[in-house]
Amino acid sequence: MKEKGNFLGNAITEIPLKEQVLELKKKRNAVIVAHNYQLPEIQDMADYLGDSLGMARYAQKSDADVIVICGVHFMAESAAILNPEKTVLIPDLEAGCSLAECITADQLQAWKNGHPGAVVVAYVNTTAAVKALSDICCTSSNALKVVQSIPADKEILFIPDMYLGSWVRMQEPKRKIHLWNGSCHTHVRIRPEPIAELKKRHPKAEFLMHPECGCLTASMGLADHILSTDGIVRRAHESQAKEFIIATEVGILHRLEKENPGKKFYPAAEEASCEFMKKITLEKVLWSLEDMQYKVTVPKETAIAARKALDRMMEVS
Ligand code: 13P
């Protein structure tokens, strides 16, 4: 990535980066939409901070001309699909998602061919091409509702996260739900043994867990709640507990601590940090707005088909 000067044309950049971003954002009539796993400085200046569902909804409602997605690539694709008339930018094209890489459109097509009549439920952590072959999308906050909206006699192909899928399957044991063998490289780093140890050390702590966790089945019995990232944020606000063990990507700790002074949050695994989420820096957001890069677009036919799956999800949730 190229080195940049000061967009304001000042000889020496003395204006703090954040102020530069905010000023340019105004000029471009842009909004900054960030995920709960982003770096603290990104979270702190975002117009919207939330989970994947919240980000998609906010992007859809916004009347800005430009949407800067501070998250990973599939989130920007979803924003582009839902807002074909707007410019959607991602500040670093390398901000990918390991889960979305777990299944290609060809692989999904082959799986579908083996299960004619099955309904494909695609976690939003998928590429637009994969969404285009899917019947309905879901996020971690509405996966159960989405599955429950499907007629009970229908076979379901759940892609690509096997942990989220197995959690849904446990809530709906009578349904025929086939799981794709995909997982998030960050959430698989969260292991059951350190959680058991943390629970022993902090017996009063409430244990909040994201359904993508690799140890989901092993640690489920210990979890007080299994929630999306926004669900974790909400529960931390509402709970009377003063201590929490948090099993998800560690970026969320910044928001939890900031919004809940006096409460303590222990990460289930310090190493559960997503390097792709952390690719987005304040500097790259500035460059992104300055050069209007990197534009995320989805081919029209793919976008139309993918939008149907996203719209169905929005109707259900
Ligand atoms: P949430 O929708 O719960 O924020 O999860 C998004 C995600 O990509 C987790 O890895």
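The values are calculated or read from the model by the stated rules, or taken from the named source; none is laboratory data. Source: prediction; values computed, not measured. Cβ atoms come from the backbone with ideal geometry, glycine included; neighbour counts cover every protein chain shown. Side chains included, ligands, DNA and RNA excluded: accessible areas come from the protein's heavy atoms. Shrake-Rupley method; radii C 1.70, N 1.55, O 1.52, S 1.80 Å.
For a quick check of your reading: which strands (runs of 3 or more DSSP E) sit entirely within region 154-214 and have at least 1 residues that are free of Cβ contacts under 8 Å to residues at least 12 places away in the same chain?
Correct list: empty, since no element meets the threshold.
Would you tally the residues in region 236-274 being free of Cβ contacts under 8 Å to residues at least 12 places away in the same chain, in a loop (DSSP other than H, G, I, E, B) and of a type outside the set (S, T, N, Q)?
Going through region 236-274 one residue at a time, the tally reaches 1.
Given the condition within 26 Å of Leu53 (Cα to Cα), away from the ligand (no atom under 12 Å from the Cβ) and in contact with a Leu (Cβ under 8 Å, 6 or more places away or on another chain), answer yes or no: does some residue in region 198-211 qualify?
yes
Go through Val146, Val124 for me and flag whichever is among the aliphatic types (A, V, I, L, M), under 27 Å from Glu271 (Cα atoms), touching a Ser or Thr at 6+ places or on another chain (Cβ under 9 Å) and at pLDDT 95 or above.
Val124
Suppose we filter region 36-94 for residues that are polar (S, T, N, Q) and surrounded by 21 or more Cβ atoms within 10 Å (Cβ to Cβ); how many remain? So that I can check it myself, show each step before the final result.
Narrowing region 36-94 to residues polar (S, T, N, Q): 36, 38, 43, 52, 60, 62, 78, 83, 87.
Checking which are surrounded by 21 or more Cβ atoms within 10 Å (Cβ to Cβ) leaves us with 36, 38, 52, 78.
The total comes to 4.
When you check Ser52 against the structure, is it within 18 Å of Cys184 (Cα to Cα) and polar (S, T, N, Q), yes or no?
Yes: the conditions hold for Ser52.
So in region 127-149, with the set limited to residues that are part of a loop (DSSP other than H, G, I, E, B) and more than 11 Å from the ligand (Cβ to nearest atom), which one is least open to solvent (accessible area, probe 1.4 Å)?
Among those that are part of a loop (DSSP other than H, G, I, E, B) and more than 11 Å from the ligand (Cβ to nearest atom), it is Ser134.
Just for region 217-248: of the residues that are more than 16 Å from the ligand (Cβ to nearest atom) and under 18 Å from Leu144 (Cα atoms), which one is least open to solvent (accessible area, probe 1.4 Å)?
Among those residues, the one meeting the criterion is Met220.
Within region 249-258, track down each residue that is open to solvent by 20 Å² or more (accessible area, probe 1.4 Å) and within 13 Å of the ligand (Cβ to nearest atom).
Within region 249-258, Val250, Arg255 meet the criteria.
Residues that are within 14 Å of the ligand (Cβ to nearest atom): which helices (runs of 4 or more DSSP H) entirely in region 30-92 hold 2 or more of them?
Passing ranges, in order: 52-61, 73-82.
For region 36-50, which residues satisfy the criterion of being touching a strand residue (DSSP E or B) at 6+ places or on another chain (Cβ under 7 Å) and either under 20 Å from Lys86 (Cα atoms) or charged (D, E, K, R) (or both)?
If the condition is that a residue be touching a strand residue (DSSP E or B) at 6+ places or on another chain (Cβ under 7 Å) and either under 20 Å from Lys86 (Cα atoms) or charged (D, E, K, R) (or both), then Ala46, Asp47, Tyr48, Leu49 are the ones that fit.
So how many residues does region 154-171 have that are open to solvent by less than 40 Å² (accessible area, probe 1.4 Å), more than 14 Å from Glu212 (Cα to Cα) and not aliphatic (A, V, I, L, M)?
So the count comes out to 0.
Which numbered condition in (1) within 26 Å of Cys215 (Cα to Cα); (2) surrounded by fewer than 16 Cβ atoms within 10 Å (Cβ to Cβ); (3) away from the ligand (no atom under 16 Å from the Cβ) is the only one that Pro192 fails?
Unmet condition: (2).
So which residues in region 103-123 are open to solvent by less than 40 Å² (accessible area, probe 1.4 Å) and not in a strand (DSSP E or B), if there are any at all?
The first filter runs over region 103-123 and keeps only residues open to solvent by less than 40 Å² (accessible area, probe 1.4 Å), leaving 103, 105, 108, 118-123.
Result: Ile103, Ala105, Leu108, Ala118.
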